[in-house]
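Report on one structure; see the data block that follows.
Throughout, read-outs are computed from the coordinates displayed, never taken from laboratory work. Keep in mind the model is a prediction, meaning the values are calculated, not measured. Methodologically, a virtual Cβ is constructed for each residue, glycine included, from the backbone with ideal geometry; neighbour enumeration extends over all protein chains shown.
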Amino acid sequence: MVEITILTPDDIEAGMRLSTQAGWNQVAADWERFIDLSPNRCFAGRVDGRVVATTCLVTYEDVTWIGMVLVDEAHRCKGYGTALFEHALDSVREDTRMDIGLDATEDGASIYRESGFQVASPIERWSGTLKSGDSEDAATVLPPTEADAIYTLDQQAVDIDRSHLLERMLSEVGTSALGIREDGRLTGYGILRPGRMCPQLGPIVVSEPTDLKLLLNGTSAVLSDPTIIIDTFPNAETTGILESYGLSKQRELVRMSYQSDRPLLNGPTIHGAVDFAWG
């Protein structure tokens with residue numbers, strides 16, 4: 001029998017054990033961020049007091065994102081993950097104003113369909129060591145004074161205020177924002193942050209797909225080992241640029257929405273998600 005409780009800061013080590021076991025890129029800061037931003041919406045499934053499953057929710061205005069859906073491999077196929085997921089979903093689905101989304105593997109998608117989720121779009125993970133591009137132009141590291149410009153550009157891109165998430169990310173050790181400016185105005189940005197296996201670049205917002213090259217050049221310039229992960233919505237131009245820089249597709253998932261096929265946290269200027277756990 002699984003006991004469902006709130007995930008607390010004392011459980012971060014247990015969360016890391018589960019995400020590492022699953023081969024994910026999360027670091028302790030990802031778990032800390034979830035618990036701090038959603039202290040009452042991060043859930044733990046416990047057996048004999050030990051955390052064996054997790055599900056976390058974060059809300060951006062009228063969008064709630066579900067992530068960190070994990071089950072200890074020694075406790076799978078016992079219904080623990082489903083019980084915890086349904087408990088988390090129950091905490092938000094009665095609010096008819098709320099859109100709910102998640103990213104799912106093929107196996108996960110079949111389970112989430114039974115709970116009312118529909119496929120909205122594909123999303124892919126690309127990774128590799130960045131090669132030199134065909135231009136020396138590069139995005140530069142933005143100072144803290146550019147934070148408000150980042151928040152504004154991001155809200156224009158996704159039509160949702162995610163400033164509380166971005167502010168928290170930018171305050172974390174080892175995280176930096178790279179930006180592109182035209183005529184004194186910020187037109188693109190990407191957030192580069194540590195990962196367990198390698199850094200992750202995301203979200204990525206650029207006005208033109210070719211500006212992605214500037215962010216990749218800037219990333220190469222600030223990393224001693226330019227091996228990175230990017231989660232992106234596939235299109236020929238974006239993936240062509242990633243391939244030309246030495247990255248390759250590692251995973252294929254689908255973005256799903258609850259009782260809707262409307263893609264959430266996406267738009268024409270979004271060329272990289274935060275990651276699968278954050279949308």
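The table that follows gives values for the structure above.
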read-out	value
Test result for LEU18, within 27 Å of ILE229 (Cβ to Cβ) and assigned to a helix (DSSP H, G or I)	yes
Enumeration of residues in the range 223-268 that are closer than 28 Å to TRP31 by Cα, surrounded by 15 or more Cβ atoms within 10 Å (Cβ to Cβ) and among the polar types (S, T, N, Q)	THR227, THR232, SER257, ASN266
Residues (charged (D, E, K, R), part of a loop (DSSP other than H, G, I, E, B) and touching a residue at least 40 places away in the same chain (Cβ under 8 Å)) located in the range 79-111	ARG93
Matching residues in the range 121-165 - criterion: being under 20 Å from the mean Cα position of the chain (by Cα), hydrophobic (A, V, I, L, M, F, W, C) and in a helix (DSSP H, G or I)	ALA147, ILE150, LEU153, ALA157, VAL158, LEU165
Lone unmet requirement of (1) over 14 Å from the mean Cα position of the chain (by Cα); (2) over 26 Å from LEU37 (Cα atoms) for ASP72	(2)
Per-region count, the range 180-217, residues over 23 Å from ARG33 (Cα atoms), surrounded by fewer than 23 Cβ atoms within 10 Å (Cβ to Cβ) and of a type in the set (Gly, Ala, Ser)	2
